[in-house]
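Beneath this line is the structure, given in structure tokens, with notes to follow.
The values are calculated or read from the model by the stated rules, or taken from the named source; none is laboratory data. Values in this document were obtained by computation on a predicted structure and should not be read as measured data. All Cβ positions, even for glycine, are placed from backbone atoms using ideal geometry, and neighbour counts span all protein chains on display.
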Amino acid sequence: MSSIASMPVRELRGVGPKLAARLAEYGVHQVEDLLFHLPLRYQDRTRVTPIAAAREGADVVIEGEVRAADIVFGKRRSLVARIQDGSGTLTLRFFHFSAAQKSGLASGTRLRCFGQVRRGSSGLEMFHPEYSAIREGDQLVEQCLTPIYPTTAGIGQSQWRNLCGQALARLRRLPPRDLLPAGHNPYDLARALQYLHAPPPDAPQQQLRDGQHPAQQRLALEELVAHNLSLQQLRQQQQAAGAPPLAADESVQARFLASLPFAPTGAQLRVLGEIAADLARPRPMLRLVQGDVGSGKTLVAAGAALQALACGFQVAIMAPTEILAEQHWRSFETWFEPLGIAMEWLSGRTKGRKREAALQRIATGEAGLVIGTHALFQQDVAFNRLGLVIVDEQHRFGVHQRLALTGKADPGQGRAHQLVMTATPIPRTLSMVAYADLDCSVIDELPPGRKPVTTVLIDSGRRQQVVERVAAACGEGRQAYWVCTLIEESDALQAQAAEATAAELQLALPQLGIGLIHGRMKPAEKDAAMAAFKAGDTALLVATTVIEVGVDVPNASLMIIENPERLGLAQLHQLRGRVGRGRDASHCVLLYQGPLSRNGQERLVALRDSNDGFYIAEKDLELRGPGEVLGTRQTGLMEFRIAELPAHNHLLDQVAAIAAEIHRHHPELAAPLIQRWTGSKQQFAEV
Ligand code: ADP
Ligand code: MG
């Protein structure tokens, strides 16, 4: 047997095919995987507490002699035993019990019990404690803190303890290989695992709960390094596949930019230049463009697309929602139609013969620019000469999805170039982890004339005042959004909520033209609602969060967001970005439902006090954690076994340094590290 890394869990006592299958579902295949299943917290069963010293609410071990045990018939039948230890008495109470259990609690029996102390009608009590009779020669108490493991369906605490206990015994006999280069191991791997599964009685429990114990940091560091190496490897595989160099004549872009009704900002020009240089290389570009809401990312996307198109390649633009994809369609139509570029639309709603025809035009290359939603990376979508993939609001898409699309390039041509755009800036710490060495461009300048949005927090108890404020603004010829939020992902419920709100506001404001837009409407209905609002035919647009991205109506200068406490900060910032685009000073009212949790309040205050997308994104990460910030679709990527962000943010600089050191001096460590920590997740390399 070489090591616990290659020892299947089946080797452990009591692990049959059924349990092995359950463990496998949980990602536990080898004995080593079990050891990475770390306790959530610990109980102290290492000392006996005298009953008189037991504090209410504490989990303690007590030892004493049973004085009486009786079945009590009250509201609920229960078995009640009194136990005494010389310092005091305590009542044990069982609502579920057997006859055998009652006879086991005969007077005079010495018991050791573990449980939470409560104050009951008869003084101190424990409900359903764990207990055992003390026999001559019993080990006194536990030698280590007792681990409490995260449990999953079907595998209980005692089973986890048993399995991990066996795994620890193997670990002592066959310590795993240390894969971090020397000098970074204040704790070696075996010692760290041993400590965390069986900490000594005096272990600092608070530090352990916070994930800041050196043993935890040791493991987190190794995991983050492994993760970083795996992303770099993925990137290298992409690079090795090559890409078509797309070096276009600069005059094409110059002519396009000159045709616009405005001059590009300096930041837009700089980013366009960075992209142009990337595209000209025979390696696939992977560039993230970060730019706050309204910074003009679409124009940058258009410039990049034009370069690929001018070289005779196809371009795919993918957006996360139908509405945003439609918005892009309109912008690109205006810009590209005069240039004679053939455009094609493909979304989940493109069905039947229409879809057939679209697929046909994409496959033959007749369509140069394809705009759509997730539907673009479905298996049967084949391109002729795909050269560039542009993904908007990339945090909504997972790595797999993006790679699935770039893999649609002609195999003889390598992979397609990739441009990802986001208005939700990914904090540097997080992007390092999520993307390793992704290239990054920042549009750090807004088009001239943009005004910061003034944001206020108002309790929903003052809703009537807010309605009056809408009436006043619209009375002066301005326009407003009223955004309804629901936590549920269900389109149907969101639509219902928006419909109800629109009806109610129409009753309160009969003089106003009120429009409605939500995800359940037909594309033509949505278009009509947007067009009416854009034209000023409706003064107030009641919407679900479908308007979060892309919607652009400069005359709208007031936004009400109902129940903003339900949304993430980044999403709120996006929503708010729909106003502040015109001449008038703009306002955003966060109409919250009190009382707010402390975290909820902190989030809304951060939004009120800042218009800076980067600051807001950092705050969001701090308050919600990375899984949420990157969007649920990407959580597979961000789910670490041990590392936790932002708790382990302070390790990230060290992670980068160690990864570089391994790359340069110990390349042989990379593969086993990746295998140990990311194992099955490496599969995206094959997409
Ligand atoms: P976002 O970065 O949020 O995607 P958009 O690309 O939708 O921003 O641009 C927002 C608005 O600003 C659009 O109406 C767009 O036409 C306009 N715009 C973009 N660049 C400029 C510029 N340089 N000067 C003036 N307006 C611009
Ligand atoms: Mg945009």
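General remarks:
- Helices (runs of 4 or more DSSP H) within region 470-582 that include 3 or more residues touching a strand residue (DSSP E or B) at 6+ places or on another chain (Cβ under 8 Å), among the hydrophobic types (A, V, I, L, M, F, W, C) and under 27 Å from Gly594 (Cβ atoms): 491-508
- For region 506-526, the count of residues that are among the β-branched types (Val, Ile, Thr), more than 16 Å from ligand 1 (Cβ to nearest atom) and modelled with pLDDT under 90 is zero.
- Qualifying residue in region 119-129 (condition: of a type in the set (Asp, Glu), over 25 Å from Gln30 (Cβ atoms) and in contact (Cβ under 8 Å) with a residue 40 or more places away in the chain): no
- Residues of region 221-267 classified as within 16 Å of ligand 1 (Cβ to nearest atom) and either more than 20 Å from Ala304 (Cβ to Cβ) or surrounded by fewer than 16 Cβ atoms within 10 Å (Cβ to Cβ) (or both), total: 8
- Per-region count, region 377-414, residues under 23 Å from Ala248 (Cβ atoms) and either at pLDDT 90 or above or within 16 Å of ligand 2 (Cβ to nearest atom) (or both): 10
- Single condition Tyr481 does not satisfy, out of (1) surrounded by 14 or more Cβ atoms within 10 Å (Cβ to Cβ); (2) at pLDDT below 95; (3) under 32 Å from the mean Cα position of the chain (by Cα): (2)
- Boolean, Gln207 is surrounded by 16 or more Cβ atoms within 10 Å (Cβ to Cβ), polar (S, T, N, Q) and either touching a strand residue (DSSP E or B) at 6+ places or on another chain (Cβ under 6 Å) or part of a helix (DSSP H, G or I) (or both): no
- Residue match in region 226-237 (condition: at pLDDT 90 or above, among the hydrophobic types (A, V, I, L, M, F, W, C) and not in a helix (DSSP H, G or I)): no
- Boolean, Arg135 is surrounded by 14 or more Cβ atoms within 10 Å (Cβ to Cβ), of a type in the set (Lys, Arg) and out of contact with any Phe, Trp or Tyr (no Cβ under 9 Å at 6 or more places or on another chain): no
- For region 543-564, the candidate set comprises residues that are buried (at least 19 other Cβ atoms within 10 Å of the Cβ) and more than 16 Å from ligand 1 (Cβ to nearest atom); within that set, the residue that is farthest from Leu505 (Cα to Cα) is Pro564.
- Selection within region 9-64 - closer than 26 Å to Pro129 by Cβ, among the hydrophobic types (A, V, I, L, M, F, W, C) and out of contact with any helix residue (DSSP H, G or I) (no Cβ under 7 Å at 6 or more places or on another chain): Leu40, Val48, Ile51, Ala52, Ala53, Ala54, Ala58, Val60, Val61
- Selection from region 511-555 of residues that are within 16 Å of ligand 2 (Cβ to nearest atom) and out of contact with any Pro (no Cβ under 9 Å at 6 or more places or on another chain): Met530, Thr545, Val546, Ile547, Glu548, Gly550, Val551, Asp552, Val553, Pro554
- Contacts under 7 angstrom Cβ, first residue in region 640-655 being touching a residue at least 60 places away in the same chain (Cβ under 8 Å), partner surrounded by fewer than 15 Cβ atoms within 10 Å (Cβ to Cβ), 6 or more apart: Ala647/Asp210
- When Arg281, Arg270 are screened for being away from ligand 2 (no atom under 16 Å from the Cβ) and closer than 26 Å to Arg581 by Cα, only Arg270 passes.
- Criterion applied to Leu279, Leu299, Leu272 was being more than 13 Å from ligand 1 (Cβ to nearest atom) and either surrounded by fewer than 24 Cβ atoms within 10 Å (Cβ to Cβ) or more than 25 Å from the chain's Cα centre (by Cα) (or both), and the one residue passing it is Leu279.
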